[in-house]
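The structure appears right after this line, and notes come after that.
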Amino acid sequence: MQRETMTSRERVIKTINHEPVDRVPIDLGIHYSTGISAFAYWNLREHLGLSTDNIEIIDLNQFLARVNTDILERFHCDCMLLNPGSLKTMRWNPRGKYNFTIPKQASPKLLSDGSWMLSPAYKMVMPEGGFFFDALRNNDNVESEEERLERYAKEAERIFKDTEYYTMYIGYGAYFSHDIDWMLKTVTAPEEIIEENERIHKMQIRSVQKVIDLMGNYIQAVAINSDLGTQIGPLCNPSVYDDLCAPYVKKFCDYVHQNSDLKVFMHSCGSIRRFLPTLVECGVDIFNPVQIMASEMDPAELKKEFGEKVTFWGGCCNTQHVLNSDNPEDVAQNVRELVNIFKPGGGLVFNQVHNVMGDIPPENIIAMLDTAYEESFY
């Protein structure tokens with residue numbers, strides 16, 4: 001009979017170091033791209049007979065729920081989001097049976113067309129019957145950086161001392177923007193991109209040093225985030241990225257590795273296969289969400305070429321074409337196939353490809369996570 005022999009934190013750390021582990025670690029919600037819509041989470045909890053009284057929104061734009069400990073335990077998850085929550089909150093009922101805890105400053109207003117608009121500080125709208133907000137600007141910063149980091153450090157210490165979960169600090173860009181004007185400048189004014197990345201890098205190094213000082217003993221990774229791909233290919237010529245962006249990613253990774261034991265987790269959506277050799281050379285340790293449905297992102301080929309060099313955090317359930325439309329049996333089969341491609345030799349943390357959307361049936365979510373655990377043991 002298969003059994004666990006490691007703590008969650010130990011399991012994830014060893015997995016990233018490509019050391020032997022008892023099973024593949026499982027994640028649901030350590031990052032704002034590995035989580036679950038609050039609507040799907042409400043339905044999942046109701047289906048499982050768990051309380052829906054205090055579902056907290058931890059990302060207004062994508063409308064993601066905090067994944068509570070009872071769900072983490074039920075599905076054998078090994079990771080926990082580092083987010084102490086909003087300083088002031090309110091209850092909000094967008095429609096029907098759904099009630100959520102949201103930041104008080106969001107102050108939703110129902111418009112005549114049935115959509116909801118958040119306060120002027122956010123400038124975001126959720127259409128009638130929608131599952132998330134369109135984000136024009138998200139300005140909910142009601143505290144200084146020092147105050148924010150102090151609160152996050154206290155939460156990191158709590159997670160480290162009171163639980164066995166793996167966690168990380170999220171908050172840095174990867175020196176690339178998919179804003180069209182920015183991308184045009186990579187051709188028309190590359191010197192401006194370099195100047196901007198120099199400025200951003202200095203800010204990020206100052207910040208990450210504070211993170212290392214305040215919570216480096218309690219967290220296990222820091223995340224950088226920049227989408228580099230579309231569904232069909234890279235957002236820019238990889239040679240342009242190599243010249244203008246990659247040097248700063250390398251400097252950031254080098255700084256983190258030289259000044260702490262933390263790993264660097266990179267979130268980048270889309271077809272990023274052509275960037276991976278450069279990013280591996282830069283020192284990125286972990287890649288997410290591993291968008292296997294995108295061009296040039298075949299799971300077997302990714303595993304063969306990069307499986308010994310990096311950790312794939314995701315890629316283990318097709319959210320575009322399987323989780324959202326097929327029955328639980330098909331979801332389970334999809335998970336089996338993908339886990340057993342990425343699993344050999346380690347270097348895999350189970351997660352679906354990006355967030356679980358709001359209309360996903362709870363039966364499919366249960367099939368995904370239960371099958372992940374069944375297939376996780378070595």
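No value in this document is a laboratory result; all are computed from the given coordinates. Computed from a prediction, not measured in an experiment: that's the story for all the values here. Glycine also receives a Cβ, built like all others from the backbone with ideal geometry; neighbour counts cover every protein chain displayed.
To the nearest 0.05, how large is the calculated FRET efficiency for Arg199 and Glu150 if R₀ is 22 Å and r is the Cβ-Cβ distance?
Rounded to the nearest 0.05, the efficiency is 0.30.
Taking the DSSP beta bridges in the chain as the whole, what percent of them are antiparallel, to the nearest 5?
About 45 percent, rounded to the nearest 5.
Averaging sequence separations of C-alpha pairs under 8 Å and six or more residues apart, then dividing by the length of the chain, give the relative contact order as a whole percent.
20
Neighbouring Cβ atoms within 10 Å as the yardstick, rank Tyr248, Tyr255, Tyr41 fewest first.
Fewest-to-most ranking of Tyr248, Tyr255, Tyr41: Tyr255, Tyr248, Tyr41.
How large is ³J(HN,Hα), in whole Hz, for each residue of the range 15-28 in order, when computed from phi with the Karplus curve 6.51 cos²θ - 1.76 cosθ + 1.60 and θ = phi - 60°, using x for Gly and Pro?
Here the 3J(HN,Hα) series is 4, 5, 7, 6, 9, x, 9, 6, 7, 5, x, 10, 10, 9 Hz.
How big is the dipole moment of the range 86-140 about its Cα centre under a simple scheme where the beta carbon of each Lys and Arg is +1, that of each Asp and Glu is -1, and everything else is neutral? Debye, nearest 20, please.
The dipole of the range 86-140 has a size of about 240 debye.
Can you sort Leu44, Leu50 so the residue with the fewest Cβ neighbours within 10 Å comes first?
So the residues, fewest neighbours to most, are Leu50, Leu44.
Going by the alpha-carbon gyration tensor, a ≥ b ≥ c the square roots of its eigenvalues, is the range 113-176 rounded (a/c under 1.5) or, if a/c is not under 1.5, prolate (a/b greater than b/c) versus oblate?
It comes out prolate by the Cα gyration axes.
May I ask you to compute the full-extension gain from Lys14 to Glu46, defined as 0.36 nm times their residue separation minus their alpha-carbon distance, rounded to one decimal in nm?
8.0 nm
Pop the C-beta distance of Glu128 and Asp162 into the FRET formula with R0 = 51 Å and round what comes out to the nearest 0.05.
So the FRET efficiency works out to roughly 0.80.
Using modelled amide H (1.01 Å from N, peptide plane; none on Pro or chain starts), what sits under 5 Å from the amide H of Phe377, excluding residues fewer than 5 places away?
Val24
What shape does the range 152-216 take by its C-alpha gyration tensor, where a ≥ b ≥ c are the square roots of the eigenvalues and a/c under 1.5 counts as rounded, a/b above b/c as prolate, and the rest as oblate?
Prolate, since a/c reaches 1.5 and a/b exceeds b/c.
Does the range 23-181 come out rounded, prolate or oblate by the C-alpha gyration tensor, with a ≥ b ≥ c the root eigenvalues, rounded set by a/c under 1.5 and, if not, prolate when a/b is larger than b/c and oblate if not?
Oblate shape, in that a/c is at least 1.5 and b/c is the bigger or equal ratio.
Based only on other Cβ atoms within 10 Å, what is the fewest-to-most ordering of His31, His321, His267, His201?
The order, fewest Cβ neighbours first, is His321, His201, His267, His31.
Just tell me which aspartates and glutamates come within less than 18 Å, Cα to Cα, of Lys304; anything on the same chain fewer than 8 places away is out.
Glu19, Glu281, Asp285, Glu296, Glu337
Compare Thr34, Thr188, Thr278 in a GNM of the chain, Cα atoms joined below 10 Å, and give the one with the largest fluctuation.
Judging by the Gaussian network model, the answer is Thr188.
Across the chain, what fraction of all alpha-carbon pairs, as a whole percent, falls in each successive 20 Å bin from zero upward?
Bins of 20 Å from zero give 28, 62, 11, 0 percent of pairs.
Of the candidates Met203, Met297, Met126, which one comes out as most mobile in a Gaussian network treatment of the chain with C-alpha springs shorter than 10 Å?
Fluctuation is largest for Met203.
Within the set of other residues whose C-beta is less than 13 Å from the C-beta of Met183, count the net charge using Lys and Arg as +1 and Asp and Glu as -1.
With Lys, Arg at +1 and Asp, Glu at -1, the net is -4.
Which stretch or stretches of the range 1-42 have amide N atoms under 17 Å from the point lying 7 Å from Asn54's Cα along the Cα→Cβ direction?
Zone members listed by number: 42.
Could you calculate the contour length gain from Gln320 to Lys210, that is, 0.36 nm times the residue separation minus the distance between their Cα atoms, to one decimal place in nm?
35.8 nm
Report the extension gain between Glu329 and Arg3 in nm, rounded to one decimal, defined as 0.36 nm multiplied by the number of residues separating them, less their alpha carbon distance.
The Glu329-Arg3 span can extend by a further 114.9 nm.
Give me the percent relative contact order of the range 31-185, please, defined on Cα pairs under 8 angstrom at least 6 residues apart.
Relative contact order here is 20 percent.
Can you run phi through the Karplus equation (6.51, -1.76, 1.60; θ = phi - 60°) for the range 218-226 and list ³J(HN,Hα) in whole Hz, with x for Gly and Pro?
Once rounded to whole Hz, the list reads 10, 9, 10, 7, 10, 10, 10, 9, 7.
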